[in-house]
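Below is one structure, written out as C-alpha cells; comments come after it.
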Amino acid sequence: MQSKKLFGQDREVKQSSQSENEKLIKIGDLKILPCKQVYKPSDDTFLIFDYLSSLKPSLKNEQRKALDLGTGTGVIAVLLAKKGFTVTATDINPKSGNCLKLNASINKVARKITFKLGNLFEPVKKEKFDLITFNPPYLPIKPNKGDYLSLAWSGGCGGREIIDTFLEKAPSYLRKKGKIVFVHSSLNNLEKTLEICKKVGIKCKVLREKKFFFETLYLITGKPEMEVTLSKH
Ligand SMILES: C[S@@+](CC[C@H](N)C(=O)[O-])C[C@H]1O[C@@H](n2cnc3c(N)ncnc32)[C@H](O)[C@@H]1O
C-alpha cells in the first residue's frame, strides 16, 4: 500500500513539473511535443510504443481502423497512423485533443487521425476496429477536481475500474480478427485481469514485461475467442 502511494506521488511530481513550453522529444522516429496537463510519455508508453514500432507498415493497414483509448499526447495514435492505420483517438482529458492535433501535424499524419473527447468507448459507439490500444490509468486514487493530469493515473476505486470496464466492453468494438493491446501493472493483479479476459471471451497473453522498482509492467494482447456455434436441427 505504502509503495503504491509513493509510486503515485513520484509520478505526479515528475509529470507536474512540465512547463507550458516543453521542447520536442524524440520517441523512435517521431517528434512529440509534451503539453501542459497532458500525460507525458513515460515507461508505460515506451513499453507499448516499442512493441507497436516493431509491426511492419502494410498497405493492408490502409483499410484497417485503429482506436487509441486515452491517447494523451497522441504518441501511440501518431505511430499507428505512420503504420498506415486510420486512427480514432479518444481521451477524457479535453487538453489531450489539441496536443494530439499538434503532434499529428508535426509528424504529418493529421489527415489520418480523428480525436473524440469522452469516457472510454462512449465517443465511438457502434464503431468496430481492427486494433484497440490502451495505456490505462491504474492507481487506486481519486482524480483531483480541475486537475486533468490526475486522470492519467486515477484508475478509480481499487485502481481496476477503468481496466475492468475496458475489458468488458472491448469485444463489442472489435472487428473479426481484431485485437487489443494494452499495458498492465503488477499493482493491479495480473491473474484477475487474465480471468476477466476469459470471462468476456478474449484470449489474452502477456507479450512483454519490464521490471521497475515498485512494479512490473506487462504488455498484454488479446483477441476474441472463436465463437462456438451449435447447429440447430
Ligand atoms: C497513462 S496515460 C497514457 C497516455 C498515452 N496513451 C501514453 O501512452 O502516453 C492514460 C490516459 O488515459 C486518459 N483517461 C483516463 N481515464 C479515461 C477514460 N475513462 N476514458 C478515456 N481516457 C481516459 C488520461 O487522460 C490519460 O491521457
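Per-residue ellipticity at 222 nm from helix content only, as computed over the chain with -39500 (n - 2.57) for each DSSP H run of at least four residues, stands at -8500 deg cm²/dmol.
Assuming charge only on the beta carbon of Lys and Arg (+1) and of Asp and Glu (-1), the dipole of the chain about its Cα centre is about 800 debye to the nearest 20. Counting Cα-Cα pairs of region 118-175 in 5 Å increments starting at 0 gives whole-percent bin shares of 4, 18, 25, 23, 15, 10, 4, 0. With the simple model of a label 7 Å out from the Cα in the direction of the Cβ, Arg175 to Ile25 spans 3.2 nm. Each 10 Å bin, from zero up to the one with the longest distance, holds this percent of the alpha carbon pairs of region 82-180: 14, 42, 35, 9.
Among DSSP beta bridges whose residues both lie in the chain, state the antiparallel percentage, nearest 5.
Percent antiparallel among DSSP bridges in the chain is about 50.
Computed over region 156-199, the range of Cα coordinates on each principal axis works out to 32, 18, 17 Å, biggest value leading. Label positions at Asp147 and Ala110, each projected 7 Å from the Cα along the C-beta direction, are separated by 3.3 nm. Across the chain, where is the longest run that never hits chymotrypsin sites (Phe, Trp or Tyr not before Pro) in a DSSP loop with at most 12 other C-beta atoms within 10 Å? Counting only loop sites that pass the neighbour cut-off, the longest clear stretch is 1-211.
In a DSSP loop and with at most 15 other Cβ atoms within 10 Å, the trypsin sites (Lys or Arg not before Pro) in region 76-143 are Lys108, Lys125, Lys126, Lys128. Here the chain yields Rg over Rh of 0.96, to two decimals, using C-alpha coordinates and the Kirkwood radius. Potential lengthening of the chain between Glu209 and Glu225 amounts to 3.4 nm, from the contour at 0.36 nm per residue minus the alpha-carbon distance.
Throughout, read-outs are computed from the coordinates displayed, never taken from laboratory work. Note that this is a predicted model, so its numbers are computed, not measured. Note that we place each Cβ from the backbone using ideal geometry, even for glycine, and neighbour counts take in every protein chain shown.
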